[in-house]
Amino acid sequence: MNTQNTQIHISQWQRGFWLLAIANFLVAMSVYVLVPVLPLWLISGEGFSARDAGLAMGAFGVGMFALGGFCSYLVQRYRRNRICMDAIILMVVCIAFLYYFFRHEFGAVERWWIFAHRVLFGAVYGLAEMVLASTLVIDKCSSSMRTEANHSTAWFSRFAVALGPMVGLIVYQLTGSFWRVILVSDVCVIISLLLIRAVKFPFRAPEENTHVFSLDRFFLTQGTPLFINIFLIMLPVGMLFSLALPWIFYAMMMVGFVLALLSQRFVFQNAELKSEVVSGMIMIVAAMQMMHVYSLDKVIFVAPTMIGLAIGIIGSRFLLFFIKLSRHCQRGTSSSTFLLGWESAIAIGIGVGYFVFSGNADRLLVVAEIISVLAAAIYLGFTHRWFLNHKNR
């Protein structure tokens, strides 16, 4: 059978790698704790319409592409850990500005500051993640374990997709204050900065004659079909996040992630290559159908668990697809491309959910199901066969 698995080596998990993996988790947490609460504050506290809140949330996904073209130049011209820390410092500043907006009244004209803020926040987050997950992590492991390193650190940031909104909602419900959620977000990113600072990186001489703008470490052009497919898979998941979901929904998603880790080791270890994506897409469509037919309280334990399990196994497999597709010295580029497809789809999906559906769960779920079925059809009809014909590893 055509299978591919990621082996786990205990020797990989030394101090520096642990610190970077936890830092990667906390950087993502700082973003996702704001996901369920920020739109509520914009709409109820600042008088934004649902469409404006959707634009603000979606702007983050667009911003993620803004600085990627300069990533290769920056990490080759300057100390790469310094670039990552500078980007994280800018994240701290962006989150702190939310507190300023929270404390000051502003009208219709000034709301463009929120849109600009979200684009900038997405840009510095994208740069920080590209350097951290695609460069620094690779620097701290041997060449034979780099696929394992990419796979493991991606799981740490994946956990934040569930834990971040859960923590954000719990803090907001317990305190009733948006600024305390901002504080949690800022604390997460500050701790990540300290963790990266504690890791020693060898000095690398700056490379000359580097292009200021390059697709290197940014976007793998030969992986465009994979990028489009993972974007379409994650877009409906982002749309779900625009609904008024309780914290238990995200807690059960985390349970699904744990089941995904176990299933990769015990269920899909020697399964046919397409089995994970096909199984995951079936679970996503089934979970959305359950949420559409039944009230959320009746499926609150089953549906989100299925979604977490599904996107967990699909995300892991697509990341490996990107890595297998890349050529020599393109591992960082492939990881960044997967990151962009995954993260931007969630952010833009949240924006679409608010902008188009304004909380109408029935219409949103119908469209989300259609997009999921389309994504599955594209994978089965084209992407899988295309990958087998073009992979390089």
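The values are calculated or read from the model by the stated rules, or taken from the named source; none is laboratory data. Every value quoted in this text rests on a predicted model; they were computed, and no experiment measured them. Because the Cβ atoms are built from the backbone with ideal geometry, glycine has one as well, and the counts that use them run over all protein chains shown. These accessible areas exclude ligands, DNA and RNA; they are computed on the full protein's heavy atoms, side chains included. Shrake-Rupley method; radii C 1.70, N 1.55, O 1.52, S 1.80 Å.
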*asked:* Can you compute 3J(HN,Hα) from phi for each residue in region 258-267, using the Karplus curve 6.51 cos²θ - 1.76 cosθ + 1.60 with θ = phi - 60°, rounded to whole Hz and x for Gly and Pro?
replied: 4, 5, 5, 4, 5, 5, 5, 7, 10, 9
*With all protein chains present, how much of the accessible area of region 25-150 (probe radius 1.4 Å) comes from carbon and sulfur, to the nearest whole percent?*
65
_Using C-alpha positions alone, give me the convex hull volume of region 187-233 per residue in cubic angstrom._
169
*Highest first, please rank the peptides 94-102, 349-357 by the mean number of other Cβ atoms sitting within 10 Å of their residues.*
349-357, 94-102
*Show that you can apply the helix-only estimate: for the chain, add -39,500 (n - 2.57) for every DSSP H stretch of four or more residues, divide by all residues, and state [θ] at 222 nm to the nearest 500.*
-22500 deg cm²/dmol
*Please say if region 242-330 is rounded, prolate or oblate, where rounded means a/c under 1.5 for a ≥ b ≥ c the square roots of the C-alpha gyration tensor eigenvalues, and otherwise the choice is prolate for a/b larger than b/c and oblate otherwise?*
prolate
*When only Cα pairs under 8 Å and 6 or more residues apart are kept, what is the percent relative contact order across the chain?*
29
*Starting from the Cα gyration tensor of region 292-338, take the square roots of the eigenvalues, sort them a ≥ b ≥ c, and report rounded, prolate or oblate (rounded when a/c is under 1.5, otherwise prolate if a/b is larger than b/c, else oblate).*
prolate
*Separation between the Asn360 and Arg15 pseudo-spin-labels, each 7 Å from Cα along Cα→Cβ, expressed in nm?*
5.8
*If you look at just the Cα atoms of region 115-162, how large are its Rg and its Dmax in Å?*
13.0, 43
*Tell me, what are the semi-axes, in whole angstrom and largest first, of the equivalent ellipsoid of the chain as set by the roots of 5 times the Cα gyration tensor eigenvalues?*
30, 27, 19
*Please list the radius of gyration and Dmax for region 219-368, considering alpha-carbon atoms only, with Å as the unit.*
15.7, 50
*Order the peptides 124-131, 292-299, 42-49 from the highest to the lowest mean number of other Cβ atoms within 10 Å of their residues.*
124-131, 42-49, 292-299
_Gain upon complete extension [Tyr294, Leu194; 0.36 nm per residue less C-alpha separation]_ = 31.4 nm
*Starting with the highest mean, order 300-313, 212-225 by the number of other Cβ atoms within 10 Å, averaged over the residues of each peptide.*
300-313, 212-225
*Kindly report the accessible area of the chain per residue (heavy atoms of protein chains, probe 1.4 Å, no ligands, DNA or RNA), in Å².*
40
